[in-house]
Amino acid sequence: MSDVFNFSAGPATLPVDVLRQAQDELLNWNNQGVSVMEMSHRDPAYVRMAREAEQDLRDLLDVPDDYEVLFLQGGGRGQFSAVPQNIAAPDSTVDYLDTGIWSGFAIREAEKFVAKVNVAGHVKEGVKGKEIQSPDDWQLSDNAAYFHYCPNETVDGIALHDIPNVNAPIVADMSSNILSEPLDVSKFGVIYAGAQKNIGPSGFAIAIVKRDLLGSPQKQVSSIMDYQLQAKDGSMYNTPNTFAWYLAGLVFKWLKVQGGLSEMGRINHEKAQLLYDFIDKSDFYRNTVNPQYRSIMNVPFQLADDKLDAEFLAQAEAAGFKGLKGHRFVGGMRASIYNAMPVAGVKALLSFMADFERSQS
Ligand code: PMP
């Protein structure tokens, strides 16, 4: 293992045990004499592995029986267009919360497929920092085909920790927080996630869809995006990303060995708390999100003097802390601390941050 801790927002760090196993069996998977990338997705051994991965994901999230679990392509943004195509008629209204950069992209994509995208609520500046408007202030539509939100805004580090209480089916973009803690799947109509943070390689996506939402009200849905078609074909309507599916399966098994999502949740809250406590105590670093809305996966932070950003990032990189540069839209720094980031990585980062602060005083 290298001495690097990788805080990239995605594609992100993966469990070392998983990468080792993939390396060990790269040339000869499951005694097949070939790599898992070189065999048919219809091969019984591959199908067995694929179904086991689905079952492991169902076990981890305790997915109720009336939900389909789909393994799709096109990453998170693919789902921005799959969702309206699959569950809203062209003349319908849909409600979206606009809580950050990814919500904004999802809104602009949905506008292509439905008559009206109603932005029901926003982020605002409060006395304790950036926060999401209270549900009492949301402007919900009477007959929305669905309500969409992003519980964890990866760029902004803003999270909505409570599941909204709305009448329409809830659709959630969980690209950056899926599998980070236990979740009540039964509250949702659709949960989707691009894979490259807590699941596996990029370009791959997961959608968990309540069965009563299958069957699009749109006349034309592109077939590879069609939830009903993909469900009927076991997510193999077209050739799936076989390697990503395999790697995701290894990650699911790793999560089970770690103790499942309650244990991951405990560790993730601990990591986030360590970072936020350190930042809040410091005059040198700051985070501008109201503590109630802070992400436990993506921790953006700024230096009091942003002229030091480049120096901070250069020294961090040299010390083995990768991927700390904030998103190009917002600048500053961001530590992404997904499931595969150990507590030791966060503690090492804090020690570096303390040293850097001292070196500047
Ligand atoms: N939603 C969220 C919350 C994300 O963080 C991202 C990617 N960072 C996306 C959607 C887009 O994912 P992709 O690049 O796989 O399309």
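The values are calculated or read from the model by the stated rules, or taken from the named source; none is laboratory data. Model, not experiment: these values are computed from the prediction. Note that each Cβ is placed from the backbone with ideal geometry, even for glycine, and that neighbours are counted across all protein chains shown.
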Top-ranked residue in segment 207-227 [being within 18 Å of ILE170 (Cα to Cα) and assigned to a loop (DSSP other than H, G, I, E, B); ranked as nearest to the chain's Cα centre (by Cα)]
LEU214
Would segment 87-101 turn up any residue that is among the hydrophobic types (A, V, I, L, M, F, W, C), out of contact with any Pro (no Cβ under 8 Å at 6 or more places or on another chain) and either in contact (Cβ under 8 Å) with a residue 40 or more places away in the chain or buried (at least 20 other Cβ atoms within 10 Å of the Cβ) (or both)?
yes
Do we find a residue being surrounded by fewer than 17 Cβ atoms within 10 Å (Cβ to Cβ) and within 23 Å of GLN230 (Cα to Cα) anywhere in segment 117-140?
no
Name the single residue that is surrounded by the most Cβ atoms within 10 Å (Cβ to Cβ) among those in segment 228-268 being part of a helix (DSSP H, G or I) and hydroxyl-bearing (Ser, Thr, Tyr).
TYR246
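Can you find, within segment 193-206, the residue that is nearest to the ligand (Cβ to nearest atom) among those that are in a strand (DSSP E or B) and more than 19 Å from MET236 (Cβ to Cβ)?
GLY194
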Can you tell me how many residues within segment 132-159 are more than 11 Å from the ligand (Cβ to nearest atom), assigned to a loop (DSSP other than H, G, I, E, B) and in contact with a helix residue (DSSP H, G or I) (Cβ under 7 Å, 6 or more places away or on another chain)?
2
Specify the residue that is nearest to the ligand (Cβ to nearest atom); the eligible residues are those in segment 108-131 that are of a type outside the set (Asp, Glu) and free of Cβ contacts under 8 Å to residues at least 12 places away in the same chain.
ARG108
Among the numbered criteria (1) closer than 17 Å to VAL190 by Cα; (2) more than 17 Å from the chain's Cα centre (by Cα); (3) among the β-branched types (Val, Ile, Thr), which one does VAL69 miss?
(2)
Which ones in segment 160-177 are free of Cβ contacts under 8 Å to residues at least 40 places away in the same chain and within 11 Å of the ligand (Cβ to nearest atom)?
ALA172, MET174
Selection from segment 26-85 of residues that are among the small types (Gly, Ala, Ser) and either surrounded by 14 or more Cβ atoms within 10 Å (Cβ to Cβ) or closer than 30 Å to TRP102 by Cβ (or both)
SER35, ALA45, ALA50, ALA53, GLY74, GLY75, GLY76, GLY78, SER81, ALA82
What is the residue count in segment 63-94 for residues that are in contact with a Leu (Cβ under 8 Å, 6 or more places away or on another chain), hydrophobic (A, V, I, L, M, F, W, C) and within 16 Å of the ligand (Cβ to nearest atom)?
1
Which of the following residues is in contact (Cβ under 8 Å) with a residue 60 or more places away in the chain, of a type outside the set (A, V, I, L, M), more than 20 Å from GLU68 (Cβ to Cβ) and buried (at least 16 other Cβ atoms within 10 Å of the Cβ): GLN196, GLN218?
GLN196
Does segment 276-295 contain at least one residue that is within 20 Å of the chain's Cα centre (by Cα), assigned to a loop (DSSP other than H, G, I, E, B) and either outside the structural domain of ARG51 (by the TED database) or closer than 30 Å to GLN73 by Cβ (or both)?
yes
Given the residues VAL185, VAL190, VAL251, VAL209, which is the only one that is away from the ligand (no atom under 15 Å from the Cβ) and closer than 15 Å to GLY78 by Cβ?
VAL209
Positions within segment 98-125 being farther than 22 Å from THR288 by Cβ, aliphatic (A, V, I, L, M) and not in a strand (DSSP E or B), in sequence order
ALA106, ILE107, ALA110, VAL114, ALA115
